[in-house]
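Here's the structure, in structure tokens; my notes come after.
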Amino acid sequence: MLQMIRLGRFVCLPLLLAGRLLLSRPSTPGLVAALPSSASFLAAASAAGSAAMRAPPVAKKVRHEMEMFGDVRVDDYYWLRDDSRTNPEVLNYLKEENDYTDFVMSGTKTFEDQLYAEIKGRIKEDDISAPVRRGPYYYYRRTLKGKEYVQYCRRLIPNGGAPPSVNDTMPTGPDAPEHVILDENIKAQEHGYYEIDAFKVSPNNKLVAYAEDTKGNEIYTVYVIDAETGSPVGAPLKGITSYLEWAGDEALVYITMDEILRPDKVLDPSLPGRVWLLIFKRVLLQTETLRLLDLLFFLFPIHLSDSEDGWTWRWDKEDLLSSIKIQDVKLFKDHLVLYERENGLPKATIYRLPPIGEAIEHLGSGRTIDFIDPVYSIDPEESQFSSNILRFSYSSMRTPPSVYDYDMDAGISVLKKIEIVLGSFDSSNYVTERKWATASDGTYIPISIVYQKNLVKLDGSDPLLLYGYGSYEVIIDFAITLGTICFYMHVND
């Protein structure tokens, strides 16, 4: 059986090693057709490669000089840049590249189709996301069997419901009918490409703002609609990013982009003439922002002093913890959550805040959330500012994507949703471990391992798949996917 290993600072080794990785029949009879063995797959790929005597396209060289700060750079392929995506010469060359790829990979087409069918066959198409409670409503996304896009829905909580709790469940039935706010399947019929990247509900639950991309170029148009009727409200915002937040019930804060499509400025239409420099990834409401500024001076030790020349600041390198990197901050009325990375592993630490108006002397040691696997990935999910409930997503090398609610007062995590994998996949059959290797220069390298506990001997006789990446301080946290699960279930000795 295969061992799968990630090395955070190493490059990729070949996917199939020594021809010993065999694809067997699917574990669930009738789920999909049997996949070919790795030997037949390699044979097909080899045949395709042998037949591919056609010469690949070669991009021409056109000398182009760029001068900046007295330095001249030469880019012979600058002519391939086409921000308008309309240059016939560029489009023709890209078509040649795609045609050549199709030609070379033609021998694997049957295998690709069968693999795609298996992955799709493990998806529960008729499903909903973990509902999010906002005031008197639960909001969620619904997928339908045979449909490519989602529906954005909500249900009214009868009589307002009890105060939020990690043990809440969304009511269903005639007392809480489902209301479809927006159906992507209908919107997408008018376009060859369609994506909604942001879907934001106003604090009073009456309006919805969503960012729509119909070309795939990540240039968005933002629409505001009535949440109950779907009727448009006001004129759309065109040519901006998908970063937007409600500033009260009737105004949006949004981020524009510059001429090369980078996030540029934060605009608040409720304050005409005010433009904020883009410093933070997220825009917070005013009451939250005022508190966040106080906390940032504590978290990142900045020393302020007042003088005749105005306020000055400095920071001491010794004050920072070299082994811990703060990746995200979530602020609540009574809590602060830090998403950190220590020794390469993500973690979330919760701090209790004093009442508003009291000075924040120190945050104390905080409480770190415990997770069930030694190697995992976590990401923030939408949480409510006035709540004591933190929502986060979780996945590991053996655990499908999951959503948890965490009671920040009681220290209790409750699973709200785990991605359903059709077939016979059982995560308890797999073991994950975290080991350390020492490089020649003394650097410690984390290694994440997953294997099937009943098949692997761990004596060096089993084949393995080794994967790694490391650059620009980027760490790829392993999150299991349907493709990974198919891989796990078809690799045998």
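FYI, it's all coordinate maths here, none of it is from the lab. No experiment lies behind these values; they were computed from the predicted model shown. Note that we place each Cβ from the backbone using ideal geometry, even for glycine, and neighbour counts take in every protein chain shown.
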Under 5 Å between amide H atoms, partner at least 5 residues away or on a different chain: which partners does E381 have, H built in plane at 1.01 Å? R391, F392, S393
Could you run the Karplus curve 6.51 cos²θ - 1.76 cosθ + 1.60 with θ = phi - 60° over segment 350-366 and give me ³J(HN,Hα) per residue in whole Hz, x for Gly and Pro? 10, 10, 7, 9, x, x, 4, x, 8, 5, 8, 6, 7, 9, x, 7, x
List every residue whose amide H lies under 5 Å from the amide H of I181, counting only residues 5 or more places away in sequence or on a different chain, with H placed 1.01 Å from N in the peptide plane. Y152, C153, R154
Evaluate the relative contact order of segment 328-431 (contact order divided by residue number), counting alpha-carbon pairs under 8 angstrom at least 6 apart; express in whole percent. 17 percent
What does the charge count near I157 come to, summing +1 for each Lys or Arg and -1 for each Asp or Glu among other residues with Cβ under 14 Å from its Cβ? +1
Protection-proxy order for peptides 82-91, 450-459, each taking the mean of Cβ atoms within 10 Å per residue, highest first: 450-459, 82-91
Per Stokes-Einstein, at 4 °C and 1.567 mPa s, what whole-number D in µm² s⁻¹ belongs to segment 375-462, with the Kirkwood radius over Cα pairs as the hydrodynamic radius? 81 µm²/s
Just report the Cα centroid separation between segment 420-445 and segment 169-222, whole Å. 37 Å
Highest average packing first - 478-487, 431-440, Cβ atoms within 10 Å: 478-487, 431-440
